[in-house]
Amino acid sequence: MEFTHTVKVKDLQQRVTAFMNAHVYPNEAKFHEEVATNRRAGNPWIPTKIVDELKNKARAEGLWNLFLPESSLGAGLTNLEYAPLCEIMGRSEIAPEIFNCSAPDTGNMEVLARYGSPAQQEKWLKPLLAGEIRSAFAMTEPAVASSDATNIAASIVRDGDEYVINGRKWWTSGAPDPRCKILIFMGKTDPDNVSLHSQQSMILVPMDAPGVTMVRPLNVFGYDHAPHGHGEVSFENVRVPVSNILLGEGRGFEIAQGRLGPGRIHHCMRLIGLAERALELMCKRALSRVAFHKPVADQGVTRERIAEARCLIDQARLLTFNAAWMMDTAGNKIAQQQIAMIKVVAPNMACQVIDWAMQVHGGGGISDDFLLAAAYAGARTLRLADGPDEVHRNQIAKYELGKYL
């Protein structure tokens, strides 16, 4: 294992960091002010002008579509090369979109790049890569325990040259965004197949197709994450062409594994960047505040937590680098245990570090005056998104036990 960054990656690290310092951090408050203004006017889902401006700047500087390993459409980076850049972007909630590297679009673009037909790529991948539209991923359902994806019950039934789609999805990331034009929908094309993992398929569904209804945006600890957010979406007799199927009937799980592997690397590295920023805020706050006649930084419990945070962050980073390296060298399937491990470790680490930072900030830590409360909501959500901790722990144990069977 060699984790030394290449000259190309070091250059990109410097350029992304410089862009963050010059354009992203100084405009975070402006972003929130713009969303708040739109909310007061009655519609927080209007895309912000500041993010659009910064997207144009990032694209002009060549800091665009840095993901997409194994594809000529991206920056030509491997998972391991992209990981440290993803960490830098993760320090700000608005940064990933500015570089056109935000979820769920990255995962959807990877699906289209890897499994899409030329016609599907022309119609949907090109505008996504150009940042002209956004997308959503419709998998989770309110009526079943979706942590077991074989429970997904939405139906995809062929009728001549069309598929008819029925079901209700929630936590459909990106659905409330008015720029969302396409969903990747997972449902059952063959519910009677003896192989549970061959019942599912994925299909492209335009957001404006008749029968698609955005029921409501969903809040996370009171945050609606406008103007992007998560939605509950109803599909009633939605008809799409047969050509919208991805890869073929019964291959939904195959696509999911190809999609979720890189996506979990991205989520974990962004969380590591977020935890780094929380630690930075904790240290600055501890040095600037006095309690019981001495700086909070001189309190033993604070120093212990700062030290522990540093250990936890570095451990998570190295574990994630190892998973990325395994994916690059051995493939997603071989790296499944490593991917499951980081999906448990990184969100739990981030929740703990952010929680300690909130304690040092006192009452301010749970307010909207600092980024920590929103950061915690996002980190805690990722203990469920892309599979809950319990599922990943079960998978890790299964691989470990398999060595002795």
Task: Longest to shortest principal axis, alpha-carbon extents of segment 213-290, angstrom - done: 65, 29, 15
- [ ] Once you've got the GNM for the chain with C-alpha springs shorter than 10 Å, pick whichever of 188, 284, 55 has the biggest mean-square fluctuation.
- [x] 284
- [ ] Determine, for 185, 137, 31, the number of other Cβ atoms within 10 Å of each Cβ, and report the residues in order from fewest to most.
- [x] 31, 137, 185
Task: Relative exposure of 72, 288, judged by other C-beta atoms within 10 Å (fewest first) - done: 72, 288
Task: Percent RCO, i.e. relative contact order, over segment 253-402, from Cα pairs under 8 Å lying at least 6 residues apart - done: 29
TODO: Calculate, axis by axis, the spread of Cα positions in segment 303-405 along the three principal axes, and write the results as whole Å, longest axis first.
DONE: 51, 25, 25
Task: ³J(HN,Hα) computed for each position of segment 175-189 - Karplus, 6.51 cos²θ - 1.76 cosθ + 1.60, integer Hz, glycine/proline x - done: 4, x, 5, x, 7, 6, 10, 9, 10, 9, 10, 10, x, 9, 9
- [ ] State, as an integer percentage, the relative contact order of the chain based on alpha-carbon contacts under 8 Å between residues 6 or more apart.
- [x] 14
TODO: Among (i) 35.3; (ii) 21.4; (iii) 29.0, find the value of mean projected area of the Cα convex hull in nm² that was calculated from the structure presented, and write down its label.
DONE: (ii)
TODO: Determine the distance separating the Cα centre of segment 338-381 from the Cα centre of segment 222-282; give it in Å without decimals.
DONE: 20
- [ ] Based solely on C-alpha atoms, express the radius of gyration and the Dmax of segment 7-103 in angstrom.
- [x] 14.4, 48
Task: Rounded to 5, the percent of DSSP beta bridges in the chain classed as antiparallel - done: 85
TODO: State the Cα centre-to-centre distance between segment 306-332 and segment 1-67 in whole Å.
DONE: 24
- [ ] When a/c is below 1.5 the answer is rounded, else prolate if a/b is larger than b/c, else oblate, so apply that to segment 120-256 with a ≥ b ≥ c taken from the square roots of the Cα gyration tensor eigenvalues.
- [x] oblate
- [ ] Give me the orientation-averaged projected area of the Cα convex hull of segment 44-95, in nm², one decimal.
- [x] 4.4
Task: Relative contact order computed over segment 134-250 (Cα-Cα under 8 Å; 6+ residues apart), in percent - done: 31
Task: Residue order, fewest to most beta carbons within 10 Å, for 82, 223 - done: 223, 82
Open item on the list: Applying a 10 Å radius around every beta-carbon, put 165-171, 361-367 in order of their mean neighbour count, most first.
Closed with: 165-171, 361-367
Open item on the list: At most 10 other C-beta atoms within 10 Å and a DSSP loop state: those are the exposed GluC sites (Glu not before Pro) I care about. Give me the longest piece of the chain that has none.
Closed with: 133-405
Task: Helix-only CD estimate at 222 nm, as mean residue ellipticity for the chain, using -39500 (n - 2.57) per DSSP H run (n ≥ 4) - done: -15000 deg cm²/dmol
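Read-outs throughout are calculated quantities, based only on the coordinates presented, and are distinct from any laboratory measurement. Owing to the predicted nature of the structure, the values given are computational and were not obtained by experimental measurement. With ideal geometry, Cβ positions are generated from the backbone for all residues, glycine too; neighbour counts draw on all protein chains shown.
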